[in-house]
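Reviewing the structure listed below.
The values are calculated or read from the model by the stated rules, or taken from the named source; none is laboratory data. Bear in mind that the values here come from a model prediction, so they are computed numbers and not experimental data. FYI the Cβ positions are ideal-geometry reconstructions off the backbone, even for glycines, and counts take in every protein chain you see. All accessible areas refer to the heavy atoms of the entire protein, side chains included, with ligands and DNA or RNA removed. Shrake-Rupley method; radii C 1.70, N 1.55, O 1.52, S 1.80 Å.
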Amino acid sequence: VTGIATLLVLVALILGQKGAEARKGRILESFEYIAMSCRAHSASITDFGGIGDGKTSNTKAFQDAVNHLSQYANDGGAQLYVPAGQWLTGSFSLTSHFTLYLHKDAVLLASQDMSEWPVLKALPSYGRGRDAAGGRFASLIFGTNLTDVVVTGANGTIDGQGAFWWQNFHKGKLKYTRPYLIEFMYSDNIQISNLTLLNSPSWNVHPVYSSNILVQGITIIAPITSPNTDGINPDSCTNVRIEDSYIVSGDDCIAVKSGWDEYGISFGMPTKQLVIRRLTCISPYSAAIALGSEMSGGIEDVRAEDITAIHTESGVRIKTARGRGGFVKDIYVKGMTLHTMKWVFWMTGNYKAHADNHYDPNALPVIQGINYRDIKADNVSMAARLEGIEGDPFTQICISNVTIGMAAKAKKVPWTCTDVEGISSGVSPRPCDQLPDQGPEKITACDFPAEPLSIDRVVLKSCTYRMKYT
């Protein structure tokens, strides 16, 4: 009897405590995640007046929260928690030693009020905006000159509500380039993970002029006809790891970039030491992985493996042109599985889009050291379209252990090659004469580096929190 009475007292105390919490309007949430850094301080967006009704603007609440939490940058860092709800917001900027965490039922809704999107200058390596000659709208989640930033969640959602922007773009009504969902500039040690990104106005994830970037466990979805909704675009970045992500979009799933024509040449910052692995892509009008076309600062040491593409225009595409300058070299791809493709391999030396008319037509790109191996494809319209530049051939191309099943209505000539040089081994259907077969003993000839990059040595920690918020 005494034991039962004690138990009843304990239950009453617990219920009373919960009741007191409820009366105070406080809610308890426990969660954990894996990150580069854990934080000593936490707060909820509701602590700063945030209202998750999908109608009230929270732009000021988010910026106030970040500004307040920035005081803890040198005291263990801070985390901003976004609970379940629909949080309408315009662009806001993050701070260093900071984590933005989205509950699984949290949705950031991008505002359609243009006054909530600051206008930035054009990127110096581009010289102009992508959509218009002037500047560009700041990204929804933005940061510059930061270090140690994590944007993550329990697969919470960021919805760009892009139809508004796409319509204005098609009608020619935009004075500035459309915003991206997440962009970091001149930053270091950045993690973007475990999120769903929907309907971006333009590119989804854009690290630029940055280093040591981890993008992991991202789902990106946009209509396949939506304009320029690239998935993840590392741009003039060093030491980047993109993995375990699923992308359906109206443009390239991964687009590797480094500046446009004379502006990229002058800025001179390549993208290098990039790992892409365990990617699934659907993009009927673009590539699973594109290198360029803005590659004037150079692209070097890209390693892609375990890539699946379905109903996608091409597996890997290199895009460049006279006037680009720069280079694409030391590219390593292995382990691709492709279903229903227009092309498996596509290299283009005549991609004519230019920033302006001031480019130097004698600035020729260097394309060399391109390695593809261990690839299976089916229902393919054309195996490859490899087009170098007259007087500037693409060289040191290696393709081995590739089996391509052609579609019933495939092109009669599966390979077309001009101004390219290289070798092949174990490739079916037989490649063009510019890629002579080296025999079965060379089937592993195409390189893939064994030594990991430093971004692969990053150790992630388990972070656990118990939040109380109004």
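When each of the peptides 389-400, 255-266, 222-233 is scored by the mean number of other C-beta atoms lying within 10 Å of its residues, the order from highest to lowest reads 255-266, 222-233, 389-400.
Put the Cα centre of the range 121-142 next to the Cα centre of the range 415-469 and the gap is 32 Å. For the chain, the cysteines with no partner cysteine C-beta closer than 4.7 Å are 237.
In whole Å, how far is the Cα centre of the range 68-89 from that of the range 237-291? Going from one Cα centre to the other spans 29 Å. Adding -39500 (n - 2.57) for every DSSP H run of four residues or longer, then dividing by how many residues the chain holds, sets the calculated 222 nm ellipticity at -3000 deg cm²/dmol. Taking 17 Å as the cut-off, the amide N atoms of the range 434-470 that come nearer than this to a point 7 Å along the Cα-to-beta-carbon line of residue 105 belong to 467-470. Share of carbon and sulfur in the accessible area of the range 41-449 stands at 49%, probe radius 1.4 Å. In this structure the range 41-449 gives 35 Å² per residue of accessible area when probed at 1.4 Å with all protein chains present.
Between residue 438 and residue 403, 0.36 nm times their residue separation minus their Cα-Cα distance comes to what? Fully extending the segment from residue 438 to residue 403 adds 11.0 nm. For the range 41-449, relative contact order (Cα pairs under 8 Å, six or more residues apart, normalised by length) works out to 8 percent. What you get for the chain, charging only the Cβ of Lys and Arg (+1) and of Asp and Glu (-1), is a dipole of about 1040 debye around the Cα centre. Taking volume of the Cα convex hull per residue in Å³ straight from the coordinates, which label in (i) 164; (ii) 173; (iii) 151 is the correct one? Identified label for the calculated read-out: (ii). Across the range 29-186, C-alpha contacts under 8 Å between residues 6 or more apart give a mean separation that, scaled by the residue count, equals a relative contact order of 22 percent. Which of the listed residues, 163, 404, 298, is farthest toward the dipole's positive end in the chain, when Lys, Arg count +1 and Asp, Glu count -1 at the beta-carbon? Farthest towards the positive pole: 163.
With a cut-off of 16 Å on the backbone N, the residues of the range 389-428 near the modelled label site 7 Å out from residue 339 along Cα-Cβ are 405-407.
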